[in-house]
Amino acid sequence: QVQLVESGGGLVHPGGSLRLSCEASRLFFTIETMAWYRQVPGKERELVAMMDTLGFANYTDSVKGRFFITGDNRKPSVVLQMNNLKPEDTAVYLCNIYGWLTELAGPRNHWGEGTLVTVSA
């Protein structure tokens with residue numbers, strides 16, 4: 001069992017920046033991917049950014065060039081740097097790590113509880 005604890009959410013003005021951090025409560029045997037998702041009321045959960053084993057990152061089109069994901073599987077932790085925030089970025093952001101907690105456990109999705117980001121004047 002592992003807990004993913006997010007921090008850094010809050011209220012910001014349009015054009016502002018936030019850095020979301022996610023820290024795991026224990027090490028993983030193997031991490032496959034690390035990602036951030038977001039969800040707003042009435043809409044499906046959206047993949048915002050994901051990085052793979054080699055450090056290659058993918059971003060949804062609406063945040064490309066503004067958001068940047070970094071991770072460290074030795075801590076383990078994952079960070080989402082969000083710049084030039086827009087009102088439409090308002091959402092609950094959820095940390096995700098897909099990997100093996102132990103050698104025999106098999107891969108599983110592990111989720112944080114979410115942190116609210118509100119972008120408003």
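The values are calculated or read from the model by the stated rules, or taken from the named source; none is laboratory data. This one's a predicted model, so the numbers in the text were calculated from it and none came from an experiment. Cβ: placed from backbone, ideal geometry, glycine included. Neighbour counts: every protein chain shown. We work out accessible area using only protein heavy atoms, side chains counted, and drop any ligands, DNA or RNA first. Shrake-Rupley method; radii C 1.70, N 1.55, O 1.52, S 1.80 Å.
Worth a mention:
- Mean separation of Cα contacts under 8 Å (6+ apart) over length of segment 4-121, as relative contact order %: 37 percent
- 20 Å Cα-Cα reach of Lys64 towards aspartates and glutamates, excluding residues that sit fewer than 8 places from it in its own chain: Glu44, Glu46, Asp52, Glu88, Asp89
- Value of relative contact order over segment 82-121, rounded to a whole percent, pairs C-alpha under 8 Å and six or more apart: 49 percent
- Of all accessible heavy-atom area on the chain, the percent that carbon and sulfur account for (1.4 Å): 51 percent
- Dipole of the chain, positive direction: furthest Cα of Leu80, Leu27, Ala49, with charges on the beta-carbon: Leu80
- Charges were assigned to the Cβ only: +1 to each Lys and Arg, -1 to each Asp and Glu. The resulting dipole of the chain about its Cα centre is roughly 160 debye.
- Calculated accessible area for the chain comes out at 57 Å² per residue, all protein chains present (probe 1.4 Å; ligands, DNA, RNA ignored).
- Compactness of segment 1-52 as Cα Rg over 2.2 N^0.38 Å, two decimals: 1.37
- Furthest towards positive pole of dipole, Ile69, Pro14, Gln1, structure part the chain, Cβ charges: Pro14
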